[in-house]
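The values are calculated or read from the model by the stated rules, or taken from the named source; none is laboratory data. All figures in this text were calculated on a predicted structure; none of them were measured in a lab. All Cβ positions, glycine included, derive from the backbone under ideal geometry; neighbour counts span all protein chains shown. Keep in mind that these areas ignore ligands, DNA and RNA; they rest on the heavy atoms of the full protein, side chains included. Shrake-Rupley method; radii C 1.70, N 1.55, O 1.52, S 1.80 Å.
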Amino acid sequence: MKNPIDTYSQNLAQQKLRYAQIKSKFNSISAARLVVGIAILIFGYYFFKTTSPLFAALALASIAGFIVLIKIHGRLSSRRKLNKALIEINENELSFLNGEKIPFPDGLQFVDPTHAYSYDLDFFGPRSLFHVLNRTTTYIGSKTLAKTLSTLLPPSQILENQPAIEELANDVAWRQELQSLGMVTADRQQIYQDLQTWTKTTPQKQTKFIHVISYVLPAILIGLMVYNYIFDAGLGNLCVLLFLTNLGILGNQLKMIKQELTGSTKIDETLQNYSLMLQKIETKEFTSEKLKNLKSQLVYPSGSASIQIEKLSKLFGQLENILNPVGTVLFNGFLLFHLHTLRGFRNWKFNFAEKTMNWIDLIGEMEALNSLANFAYNNPAFTFPELNDKHEIVFEKLGHPLLNAQKRVTSDIEFTKQKFIILTGSNMSGKSTFLRSLGVNMVLAGTGAPVCAQRASIHPIPVYVSMRVSDSLNDSESFFFAEVKRLKEVMDAAEKETCFVLLDEILRGTNSDDKRTGTVEVVKKIIAKNAIGAVATHDLKVCDTTAEYPDQLMNKCFEVEIVDNELYFDYQLRDGVCKNKSATFLMKKMGVI
């Protein structure tokens, strides 16, 4: 696989060249549009001055040319925005891979201290797993990615996701194009929620009388205006009366029209973006079953999802024109325009409202897969784990995916015969990082993503972690009580099914004897429930429990050495119990004691 930095550097150079070309065309069309606009004024002036057919023809030709230039200008403007987004995407990837910054939303809003593992393993917030993975551009995309990282998929879905993620990982251009479409217009939670509410409301049916006169009255008015202009029949007052009658009918229907308007402004622009993203998915030929299945949900006998969402975008754009007083008076006084739009809304809603949120949610699912695929592409040394049904977990060269690859120290670990580790080691030796590596990679495996290991075989099981329990002032909970509550949740979960459990220095809120006794009893109860995982402790006496349960428990440790009067950590996982101590040495060295 090509080096990601080389790919993004080449992409960036290409996109900058394209941007310069598009910008040049854009400026030329802008200048041409100005010239043609001036020509329209000149030819129009001479036509009214001379009534010459030549100037009339030139004015009309100039107007036609101006309309064409406006369309070309609009297309170039859209291409320029997409191109700028592609430049930003590749600049961000390079900035991230070069260790300069993480220029992506960090998902802080998804932090949940009560979750089984996401809070303890720092899944959300600055420099979190979500922060590194996230390439979503829509609200539903970020929400879906957060849910994906917070939920264990069934093995069948994991096996579906793996080839889908691998397929997307290898198609950088398509993924970036989809991402750029989402970046053009800022999406918001409020728009998603307003749409969700709108799809659940039942449209009121127009009466047959209103339906008929919405066509008849405008036709009569326009006919009378033409007749009056040609024959000078003195019907001006009647035309004004019909014009005002149309406005009165609109006023009568105004409540129904406003019911269809959501609270969000420019919702038509967001829907247009959704349409383009859906079209990108619809027109792509996929090979993996997961992606082919997602695509199949977007095609209907009556047309594709992208076409229907584009129609809805236009309907919202037309309906929102009612907020423009001048446009409302003119369009409805002559044509009862918004009554026809309202009818279009009702028909669209009747046919497609139930499918709308499914289509938009599918965008979110594709964006979540896109994020995981980008993670796979950026880390070509990572591997997709094999799945087993033996409650066995094996990692070769396991590391933490958020650590720099050059500094990352890896470990081999397997939970096959003995399923639970008592882990010892001094502070800063690597215990917590190892536990986090286990937890993060188990969760990644449960999404179908690659893991930070050379090889892995896992049985997907729920993950429960107690590492960052804190007291709650709002709930009047002490630290100790909060920790016991978390342990109770872990035990209750293990009672129902086999779980992967990670505990880091539990029962810190009590005295040492009580802590030791409590830790030993927790370990005994966990292995009795056949849980898999590890507990880290500073109390070496806890390791004696392994002698009582040699078939279920194993002792592992991280050591520290004193070299040239300095602490030296090699972060290598070893068999056995930690022997060396660092606290007294460090306090003496720093003058604490």
(Q) Could you tell me how many cubic angstrom of Cα convex hull volume region 401-545 has per residue? (A) 136 Å³
(Q) Compute the helix-to-body angle for 512-528: its Cα long axis versus the longest principal axis of the chain, expressed 0 to 90° and rounded to tens. (A) 70 degrees
Q | Average projection area in nm² (convex hull over Cα atoms of region 329-461, one quarter of hull surface) | A | 14.8 nm²
Q.
Taking 41 Å as R0, compute the FRET efficiency from the Cβ-Cβ separation of Asn252 and Lys147 and round it to 0.05.
A. 0.35
Q. Can you give the accessible area of Lys143 in Å² (nearest 10), computed on protein heavy atoms with a 1.4 Å probe?
A. 90 Å²
Q: Please give the helix 337-378 orientation as an angle from the longest Cα principal axis of the chain, in degrees from 0 to 90, rounded to the nearest 10.
A: 30 degrees
Q: Excluding Lys16 itself, calculate the net charge of residues whose Cβ lies under 11 Å from the Cβ of Lys16, where each Lys or Arg counts +1 and each Asp or Glu counts -1.
A: +2
Q. Under a straight-distance cross-link criterion of Cα-Cα below 26 Å, which lysines are reachable from Lys84, leaving out those fewer than 8 residues away in the same chain?
A. Lys2, Lys16, Lys23, Lys25, Lys71, Lys101, Lys143, Lys266, Lys280, Lys284, Lys314
Q. For Glu392 and Tyr300 in the same chain, what is the full-extension length gain: residue separation times 0.36 nm, less their Cα-Cα distance, in nm?
A. 28.7 nm
Q) Rounded to the nearest whole Å², what accessible area per residue is found for the chain with the 1.4 Å probe? A) 50 Å²
Q.
Using a 1.4 Å probe on the protein heavy atoms, what percent of the accessible area of region 118-270 belongs to carbon and sulfur?
A. 59 percent
Q: Quick one: grab Rg to one decimal and Dmax as a whole number for region 80-225, Cα atoms only, in Å.
A: 23.2, 75
Q. How big is region 68-127 on each of its three principal axes, counting only the C-alpha atoms and giving the largest first in Å?
A. 59, 27, 11
Q. Which length gain, in nm to one decimal place, applies between Trp174 and Glu497 when the Cα-Cα distance is subtracted from 0.36 nm times their residue separation?
A. 112.2 nm
Q | Estimated [θ] at 222 nm from DSSP helical runs (n ≥ 4, -39500 (n - 2.57)) normalised by residues in the chain, nearest 500 | A | -20000 deg cm²/dmol
Q | Label-point separation, Ser95 to Phe480 (7 Å along Cα→Cβ), nm | A | 4.8 nm
Q. How long is the gain from Lys529 to Val216 if the chain were fully straight, where each residue apart is worth 0.36 nm and the alpha carbon distance is subtracted?
A. 104.9 nm
Q. To the nearest 10 degrees, how steep is helix 189-200 against the longest Cα principal axis of the chain, on a 0 to 90 scale?
A. 70 degrees
(Q) Give the aspartates and glutamates reachable from Lys556 as a straight Cα distance under 15 Å; neighbours fewer than 8 places away on the same chain don't count. (A) Asp412, Glu414, Asp504, Glu505, Asp539, Asp544, Asp570, Asp575
Q) Could you work out Rg/(2.2 N^0.38 Å) for region 185-330, with Rg from alpha carbons only? A) 1.44
Q. Can you give the accessible area of Glu483, probe radius 1.4 Å, in Å² rounded to 10?
A. 0 Å²
Q) Label points 7 Å out from Cα along the Cβ direction at Ala381 and Asn351: separation in nm? A) 5.5 nm
Q | trypsin sites (Lys or Arg not before Pro) restricted to DSSP loop in region 415-459 with at most 11 other C-beta within 10 Å | A | Lys417
Q | Simple spin-label estimate for Ser52 and Arg468 in nanometres, 7 Å along Cα-Cβ | A | 7.9 nm
Q. Which Cys in the chain stand alone, with every other cysteine's Cβ at 4.7 Å or more from theirs?
A. Cys239, Cys452, Cys499, Cys543
**Q.** Structure-derived Cα extents along the principal axes in Å: which label, when the choices are (i) 111, 53, 50; (ii) 81, 78, 68; (iii) 110, 73, 57
**A.** (i)
Q | Convex hull projection area averaged over all views, region 1-105, Cα basis, nm² | A | 9.1 nm²
(Q) Could you tell me the calculated FRET efficiency between Gln206 and Lys266, based on Cβ-Cβ distance and R0 = 25 angstrom, to the nearest 0.05? (A) 0.40
Q: Excluding Leu121 itself, calculate the net charge of residues whose Cβ lies under 11 Å from the Cβ of Leu121, where each Lys or Arg counts +1 and each Asp or Glu counts -1.
A: -1
